[in-house]
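Structure first, then comments.
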């Protein structure tokens, strides 16, 4: 039983199939990571089988719904106040002028949309796109046989999570880790992957959550959430969602989840179908705050959680986030575990490599305090696992006192140098991750913080998450991975 092997709220847990092996040789690990890059891909950067539907006025939407506009923009719903529909104004903001999120009507009485990108591909369905049906019914679709996820979990691969039994449905919740001493569980961002020769499958999801998206052969079927039912009369329904290609052939299926909720209550297969498990050969554990846990600003596009998105790009899709908003090396945000206090759970999951991101939540602490905390963190890591640690520095947010962020970043960098961790600053010149008045001297033409960060100038919106991922991927391949000693 793993560190998540606890009983909570009457739900049983199981360690799943992550972290089964330890990295025995850093030279061999480096070779595996280089080879893994060949299978890296940008899930949200390629055309989905089904184009996002057009935005419509006077329509109910839900968080995670994705639409296209008449000008080619792609937007995700951030906030959909109960009882209200979309307003009269088609979204048109794109981040220029500092507007990343906007209501399509009266504020708090319509839908709040976040600009994701202007699609680089045609806004039409692929000629070989499957049919997608959201039944909004708890009745098993005709022609399908139930294959409950919990009972059949040995046939499923779990990425970035542990499966936990959802007793009432026979399904699973996807658990990250235990975030507090009281047993509170952090859930969200994980995925389920399996092989199948079926022409299609049906997936049962609670409409009270953030829904799912499904990728087939590493290509999204839809970009927006399935299973979320904006009709308030259907809230709470465990609805079935059918994806059918019409022809039987082997395919890889992956079910991706939202940042805050992750569950699959039912899986159904047509007669005669065959399913097999897909097991990843590399597993990474990632420690962070809200940059990987998510915030009210995003990411709302399902599957766009930074840990999963970054992991796919570097060829390590089984990347698990041990992240909690408001926490850091010293910060607890109301009694949550600090980074160091979460480490025993990380070690217990047996990662092949560790990744940490510094936190602005530690701003205001002295250099000595952060250096001591980072040193203690790294010593515990080095004493308990042979796996290497890669550490991204503090995101250079536009809120707060910038010199305090620099203090945290510098202290972590020095601790990493002393303890043999591979550090990469996101604040360093000549081009910080986010630019603004506090850090763009000499490059005053650059100010991207209002495009990629939400209204608090701290947390990224969906396009900011994608941008952060791209910068991290570049730093990973061009700076961090080459420094992994053989």
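Any read-out appearing in this document is the output of simple, stated calculations on the displayed coordinates, not a laboratory observation. On a predicted model such as this, the values are computed, not experimentally measured, just so you know. Virtual Cβ from ideal backbone geometry, glycine too; neighbours counted across all protein chains shown.
General observations
- Cα gyration tensor shape for the range 116-201, rounded if a/c is under 1.5, else prolate or oblate: oblate
- When shorter helices are ignored and each DSSP H run of at least 4 residues is given -39500 (n - 2.57), the per-residue value for the chain at 222 nm works out to -5500 deg cm²/dmol.
- Computed from the C-beta positions of residue 106 and residue 260, the FRET efficiency with R₀ = 25 Å rounds to 0.40.
- With neighbour counts taken as other beta-carbon atoms within 10 Å, the residues 212, 412 rank, fewest first, as 212, 412.
- Only one of (1) 3, 14, 15, 12, 11, 10, 8, 7, 6, 5, 4, 3, 2, 1, 1, 0, 0, 0; (2) 4, 20, 31, 27, 14, 3, 0; (3) 4, 17, 25, 21, 13, 7, 5, 3, 2, 2, 1, 0, 0 was calculated from the structure for P(r) over Cα pairs in 10 Å bins from 0, in percent, and its label is (2).
- Across the range 134-290, Cα pairs under 8 Å and at least six residues apart give a relative contact order of 35 percent.
- Between residue 122 and residue 341, full extension at 0.36 nm per residue minus the direct alpha carbon distance yields a gain of 74.1 nm.
- The range 284-483 shape via C-alpha gyration tensor axes, a/c threshold 1.5: rounded
- FRET efficiency, 1/(1 + (r/R0)^6) with R0 41 Å, evaluated for residue 444 and residue 71 via beta carbons: 0.85
- Take every pair of alpha-carbon atoms less than 8 Å apart whose residues are at least six positions apart; their mean separation over the length of the range 51-124 yields a relative contact order of 32 percent.
- Among 398-404, 423-429, the peptide with the highest mean count of other Cβ atoms within 10 Å heads the list, and the full ranking is 423-429, 398-404.
- Inter-centroid distance (Cα atoms) of the range 416-486 relative to the range 65-136, Å: 27 Å
- The range 284-483, relative contact order in percent, only Cα pairs under 8 angstrom and at least six apart counted: 22 percent
- Neighbour-count order for 461, 269, 172, fewest beta carbons within 10 angstrom listed first: 269, 461, 172
- In terms of other Cβ atoms within 10 Å, 205, 346 run from fewest to most in the order 346, 205.
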